[in-house]
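What follows is calculated from the coordinates using simple rules that are stated; it is not laboratory data. None of these values were measured; they are calculated from a predicted model. Cβ placement follows ideal geometry from the backbone for every residue including glycine, while neighbour counts extend to all protein chains displayed.
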Amino acid sequence: MAVLFTLIRVLLGLFFALTGAVKLTDKISEGVFRELRSQFVQFAEVFPLRVFGLKPEPDQYLLATGWTELVAGLLLAFGPRRLQELSNFTLTVVMMVALFTLLKLQEPPAVCCPAAVCLGLLLLLNLRGQGRQVKAKAE
């Protein structure tokens, strides 16, 4: 079972690293990068912290999200345990914001599904890690 969770963690981390890299440059996929730039204009309009006066510029928002996903994804896949936990938390917040944004924009369920699945896998990894900590304390 430990091998399965390790595989999920590494693959999920690499997935986030790839999606983050796509947000940072048009060298990987120019069409996808252009589409993301136009989507982040909409995403910035419904940014959850706008109610507190935080209004991100769409290009800055795209860059911040890209770097966060790239670094946290690599740390989730290959980092030491503490950094894996920190990156899991960071990516969980990113996915919660992504789901909030997609739901606020009234996107169809098929568009929300990838973010929901990623969030579910991150929570699964987090719960497994918590179970391991409780077991270690009991011994």
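Values computed for the structure shown
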read-out	value
Charge dipole magnitude, Cβ of K and R +1, D and E -1 - the chain, Cα centre, debye nearest 20	540 debye
Convex hull projection area averaged over all views, region 1-51, Cα basis, nm²	5.1 nm²
Positive-pole candidate from L86, G66, L54, dipole of the chain, charges at beta carbon	L86
Ranked list, fewest to most other Cβ atoms within 10 Å of each Cβ, for T19, T65	T19, T65
Value at 222 nm in deg cm²/dmol, rounded to 500, when DSSP H runs of n ≥ 4 in the chain each add -39,500 (n - 2.57)	-28500 deg cm²/dmol
Cα-based convex hull volume of the chain per residue, rounded to whole Å³	125 Å³
Net lengthening on full extension, F100/E45 (0.36 nm per residue, minus Cα-Cα)	18.6 nm
Total lysine pairs whose alpha carbons fall under 30 Å of each other in the chain (8 or more apart, or interchain)	4
